[in-house]
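One structure is given here, and the rest of the page talks about it.
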Amino acid sequence: MPDTRKVMLIGCGMVGMSYAYALLNQNIVDELVLVDVNKEKAEGEAMDLNHGLAFASSSMKIYAGDYKDAKDADIVVIAAGVNQQPGESRIDLLGRNTAVFKSIIEPVIDSGFNGIFLIATNPVDVMSQITLKLSGFSPDHVIGSGTTLDSARLRYLVGEKLGVDPRNVHAYVIGEHGESEFVPWSQAHVSTVSLDEMKAKYPERKDDFDMTEIEDEVRNSAQKIIKAKRATYYGIGMALVRITKAIFSDEHSILTISSLVDGEYGIKGAYLGLPCIVGREGRIKLIELDLNDEEHKKLERSASIIKEAFSSVNF
Ligand code: NAD
């Protein structure tokens, strides 16, 4: 019998369903189980997606299920959780989402699930680290969306500014998926030429290579979208599909997922968005970039923010 590519999606809100809808439009999974604390919503979403199957390019089994269905799933994607309310601190949000995750991880593990956790719920680095702790899984099998979307936004904007296809822009946003994220510009290349080399070669085009505004735009784009339409979901849905595809196709693609840093960059015990090789076994390898001193300090700052937030959680 052919191996069925099975995903359980937990959390059928805007992010979860954007992911599910994008999956339906790309031939990536064979079976999709929807789970939500609001069972009726999961059932309605399954019906709605199923009605689109006749127009889809692939066949898929889609249904609302429960945690027992995770038993033979390859990937459990979590997009469940509460959003920050006015006046609420980040720690309050963390506490509430930890409670949500406790109600999720335990029954998933009890089902016999032995695949890969892919986390989208914010703050994504801390929630991924909480999943690692609650599941007891290998760190390679617990990953978060990290800064994959931020890196895609960056490559698009740099490509636009320089008039180059974003696929030929090799640059990353790394660190916390949040305020302290940053671009290690010393590592940014167009084709095989670094931006630093270009600056030195074409001093008259100095302004073209000034990327300060682009970095700010990437960092603030989520806030801008939230202000305009209350939430962001299509981009993250596509980013989650991209990671899912890299796993099922054992692509060994390099994506800035969030994963456990355990000694690399001189940092230990924090989930951070960094370039990693992603394949059938989840995170295959975390890549160490040759950061300069300033960039290294920025990464350490991100790590201390994540560590502090993680240590504030009551398990
Ligand atoms: P939403 O409110 O639309 O959906 C959340 C869903 O989770 C709801 O359907 C709710 O019923 C469900 N839920 C709540 N508690 C649950 C539980 N205990 N078990 C199962 N399901 C439960 O929110 P959204 O806009 O879809 O956002 C979801 C999360 O994704 C948020 O934490 C948000 O901040 C995050 N997010 C992450 C990124 C990223 O880049 N990683 C981008 C955008 C949003």
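The values are calculated or read from the model by the stated rules, or taken from the named source; none is laboratory data. Predicted model, so just to flag it, every value in this text is computed and none were measured. With ideal geometry, Cβ positions are generated from the backbone for all residues, glycine too; neighbour counts draw on all protein chains shown. Heavy atoms of the whole protein, side chains included, go into the accessibility calculation; ligands, DNA and RNA do not. Shrake-Rupley method; radii C 1.70, N 1.55, O 1.52, S 1.80 Å.
In table form, for the structure just shown:
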quantity	calculated
Which listed residue, of E31, E43, is under 23 Å from I236 (Cα atoms), within 16 Å of the ligand (Cβ to nearest atom) and acidic (D, E)	E43
Pairs with Cβ under 8 Å, 6+ apart, first in the stretch 117-128 and within 18 Å of T244 (Cα to Cα) and within 8 Å of the ligand (Cβ to nearest atom), second in a loop (DSSP other than H, G, I, E, B) and among the aliphatic types (A, V, I, L, M)	A120/A79; T121/A79; T121/A80
Residue check, Y19 open to solvent by less than 90 Å² (accessible area, probe 1.4 Å), among the hydroxyl-bearing types (S, T, Y), closer than 21 Å to N114 by Cα and within 12 Å of the ligand (Cβ to nearest atom)	no
Residue among I226, I247, I243, I214 that is in contact (Cβ under 8 Å) with a residue 60 or more places away in the chain, out of contact with any helix residue (DSSP H, G or I) (no Cβ under 9 Å at 6 or more places or on another chain) and within 29 Å of I305 (Cβ to Cβ)	I247
Residue, farthest from A239 (Cα to Cα), within the stretch 150-161, restricted to residues that are out of contact with any Leu (no Cβ under 9 Å at 6 or more places or on another chain) and in contact (Cβ under 8 Å) with a residue 24 or more places away in the chain	K161
Filter result for the condition that a residue is more than 10 Å from the ligand (Cβ to nearest atom), open to solvent by 90 Å² or more (accessible area, probe 1.4 Å), in a loop (DSSP other than H, G, I, E, B) and not small (G, A, S), over D48, D3	D3
Whichever residue in the stretch 291-315 is open to solvent by less than 30 Å² (accessible area, probe 1.4 Å) and in a helix (DSSP H, G or I) and, among such residues, is farthest from P184 (Cα to Cα)	A309
